[in-house]
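The values are calculated or read from the model by the stated rules, or taken from the named source; none is laboratory data. Values in this document were obtained by computation on a predicted structure and should not be read as measured data. FYI the Cβ positions are ideal-geometry reconstructions off the backbone, even for glycines, and counts take in every protein chain you see.
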Amino acid sequence: MKTINRSFSDCLNDASDAVLRSFRHALRQIERMSWPSLLAMCILLALVVMILPLAFTLFVCFMLVKVVVGAFGVKHLPRPTEEKQGE
C-alpha cells in the first residue's frame, strides 16, 4: 500500500536539493560576472550587511529610550491659552 503523506526525511531531502540548486545557480552567475561588476557587488553587499544591522540597532535603542522616558511620566508644560480676538 502506497502512503500519500511524505516522511520528514523526504521533505528534508527536497529542501536540501533546492538549496543546493540555488547555490549552484548563484555560483554560475558569479563565475560569469566581470571583475569590475564583481567588485561592485562585493562593495554593495558589504554596505548592506553593515548598514542594515546598524539601522535596526539604532531603531531599537531609540524605541527603548522612548519607552523608558515615557514610563517615568514626563510632564509637559501646559499650552498657553490664546486670547480671544473679539476683545
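If I ask for residues that are loosely packed, with under 10 Cβ neighbours inside 10 Å and hydrophobic (A, V, I, L, M, F, W, C), which ones from the range 1-17 would you list? Residues satisfying the conditions are Met1, Ile4, Phe8.
Please tell me if Thr81 is modelled with pLDDT under 95 and either of a type in the set (Ser, Thr, Tyr) or touching a helix residue (DSSP H, G or I) at 6+ places or on another chain (Cβ under 7 Å) (or both).
Values: modelled with pLDDT under 95: yes; either of a type in the set (Ser, Thr, Tyr) or touching a helix residue (DSSP H, G or I) at 6+ places or on another chain (Cβ under 7 Å) (or both): yes.
Here the answer is yes, as Thr81 does meet what is asked.
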